[in-house]
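Take a look at the structure set out below.
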Amino acid sequence: MPVPSSGRDGPPEPARRCAPRLLATIALGAALAAPAYADRQEDPELRAVVAQAVAETSCDGHEDHFGEEVFFKLQEPRLRRQVDDLGLRLDILRHVYCESHAVVERYRREQGFDLLLTPELVLAIIDVESGFDRYAVSHAGAVGLMQVMPFWPKRLGVDNRLFGSVDFNVRLGCEILGYYMRAERNDYRRALARYNGSVGRREYPDVVLARLSRRWRG
């Protein structure tokens, strides 16, 4: 039986209406499946910020034990889907929580600026950037959980502990992200685009924020 004509060249009207939604769905799926690429992290002021932070930041001094316990109880079951080893899960959660809070506290103390950097956002970034594979390497050479560029240890004059590490990789990732969020005055999309090296594009920020909302929101 012939398909009724729409009276115009091209597909019938229902297909014409569905096409934009189908294309949008395909595009979003491709963005979610595509490998993440970390920023080149070459901002002139970033080196001094990261160097100072690495020298000062410590996960041993924070006092928000109740908040940390709530964070662990909420996020540990979610992380089981991607990290089988209990010890590694706890290590990732501990450093994500304390390093993100250390960055926030330093900006508040030194600049009087309330940085909206949350451990949940850091989890979403790790999820998108590396899928919680601490040995992940991008096409650009970025390494580890937060896909930090490998030139940093040499520039900072410290041992190269980015590849395969949790503490040092998360520390540098949080510092770099905090720097971009401060520069963009807590504009998540612009800061995330700078972290990813895709300024002016929304694909990466939208993927991270969708992952945050769907999987890691507190």
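FYI, it's all coordinate maths here, none of it is from the lab. Keep in mind the model is a prediction, meaning the values are calculated, not measured. Glycine also receives a Cβ, built like all others from the backbone with ideal geometry; neighbour counts cover every protein chain displayed.
Values for this structure:
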read-out	value
Some residue of segment 155-168 being closer than 18 Å to ARG94 by Cα and touching a Ser or Thr at 6+ places or on another chain (Cβ under 6 Å)	no
Pairs, first touching a residue at least 24 places away in the same chain (Cβ under 8 Å) in segment 116-129, second in a loop (DSSP other than H, G, I, E, B) and of a type in the set (D, E, K, R), C-beta under 7 Å, six or more apart	GLU120/ARG217
Failed item in (1) of a type in the set (A, V, I, L, M); (2) within 22 Å of ASP85 (Cα to Cα); (3) free of Cβ contacts under 8 Å to residues at least 24 places away in the same chain, with LEU145 passing the rest	(3)
Segment 168-215: number of residues that are under 30 Å from ASP85 (Cβ atoms) and either small (Gly, Ala, Ser) or surrounded by 16 or more Cβ atoms within 10 Å (Cβ to Cβ) (or both)	23
Matching helices (runs of 4 or more DSSP H) fully within segment 108-218 where at least 3 residues are closer than 14 Å to GLN41 by Cα, of a type in the set (A, V, I, L, M) and out of contact with any Gly (no Cβ under 6 Å at 6 or more places or on another chain)	167-183, 188-196
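Matching residues to (1) exposed (fewer than 14 other Cβ atoms within 10 Å of the Cβ); (2) basic (Lys, Arg):
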{"site": "ASP84", "(1), (2)": "yes, no"}
{"site": "ARG89", "(1), (2)": "no, yes"}
{"site": "ALA124", "(1), (2)": "no, no"}
{"site": "SER130", "(1), (2)": "no, no"}
{"site": "GLN147", "(1), (2)": "no, no"}
